[in-house]
Amino acid sequence: MNHRMMSSVEFLDRGNGNLLAYRQIKVECESTKDNKDSPPTTTASRPTDHNQHKKGTRIGIMFLPGFMSNMNGEKALTLERFCKKSRYEFIRFDYQGCGESKGEIDLNNYPFDIWKNDALAVLDNLTTGPQVLVGSSMGGVIMLMLALERPQRIHSLIGVSTPNFENTSSTADKRNPETAKNRNSVFDMETFIGKHNRELFCKSSLTINCPIRLIHGMEDDVVYYQSALELARKIQSVDVQVTLVKSGTHRMSTPQGLEMLLNTVKEILGFKSYL
């Protein structure tokens, strides 16, 4: 079995001179008999054939960063290391106007729609097979919207500090000038989200039926932890689990938070031993 790992910066053309930056691990496999280079498979390292979907296609993991964040945060890098070790395909990316992506966007012109469409373009054009979407903060909302638009492509969802856009008062308005290229832009939450997206999340039910895990810190002062409970109630899937961390903050990037994220990924992928 030959595997090729790659994680150099590449770009996806998004029009208007903008290029979306991404880093990707591709795992190319060629099955051979008695291949001495193939590492042993154990339940402790990875589950037998669990990176193969039941229809025979390979499962991948896609990370969706938060508002004005980038693909080089601790959660994304932790997931990449896990995927390299466990031989899962993985992709992380920067939204237009953020991180290593080239070009700018107008934050007063529904940037949430632009970023949601960026994620959709990554899913459609850069991944194959069922995907585990891992969304951080705003990325968790985009993850839910991708599951609504591309249900056949989604294996499962893992949201960290995911807001419920039904109630904008539960989400603090934040800007990070260290990561934003549009540093002089000012916007309000209504303009950012858009009425059409608010109406979607105001529905009593979200037609998402895949397994979902929501992790939220109870000390989160950016997105209140009640958002996870509200989303769990309205998501249609019967396989929804919410984990509340009493001392957890918004980022959930402490060693304990990252370990919890990895354990959640392993559990949802079916690892027999993940604690």
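Results for (1) closer than 27 Å to GLY139 by Cβ; (2) out of contact with any strand residue (DSSP E or B) (no Cβ under 7 Å at 6 or more places or on another chain); (3) modelled with pLDDT of 55 or more; (4) open to solvent by less than 60 Å² (accessible area, probe 1.4 Å), shown as yes or no for each residue.
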{"residue": "ASN18", "(1), (2), (3), (4)": "yes, no, yes, yes"}
{"residue": "GLU30", "(1), (2), (3), (4)": "no, yes, no, no"}
{"residue": "ASN35", "(1), (2), (3), (4)": "no, yes, no, yes"}
{"residue": "ALA44", "(1), (2), (3), (4)": "no, yes, no, no"}
{"residue": "ARG58", "(1), (2), (3), (4)": "yes, no, yes, yes"}
{"residue": "ASN72", "(1), (2), (3), (4)": "yes, yes, yes, no"}
Single unsatisfied condition, THR264 versus (1) buried (at least 18 other Cβ atoms within 10 Å of the Cβ); (2) farther than 24 Å from SER86 by Cβ: (2)
Give just the number: which of (1) touching a strand residue (DSSP E or B) at 6+ places or on another chain (Cβ under 8 Å); (2) open to solvent by less than 10 Å² (accessible area, probe 1.4 Å) does PRO111 not satisfy? (1)
Report the residue count in segment 131-152 for those that are in contact with a helix residue (DSSP H, G or I) (Cβ under 7 Å, 6 or more places away or on another chain), open to solvent by 10 Å² or more (accessible area, probe 1.4 Å) and closer than 23 Å to CYS83 by Cβ. 2
Quick one: in segment 90-108, of everything that is at pLDDT below 95 and of a type in the set (Asp, Glu), which residue is least open to solvent (accessible area, probe 1.4 Å)? ASP106
Within segment 226-259, which residues are farther than 23 Å from THR207 by Cβ and open to solvent by less than 60 Å² (accessible area, probe 1.4 Å)? THR243, VAL245, GLY248, HIS250, MET252, SER253, GLY257, LEU258
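The values are calculated or read from the model by the stated rules, or taken from the named source; none is laboratory data. What you are looking at is a predicted structure, and each value in this text was computed from that prediction instead of being measured. No Cβ is skipped: glycine too gets one built from the backbone with ideal geometry, and neighbour counts run over all protein chains shown. Please note that ligands, DNA and RNA were not included when accessible areas were found on the heavy atoms of the full protein model with its side chains. Shrake-Rupley method; radii C 1.70, N 1.55, O 1.52, S 1.80 Å.
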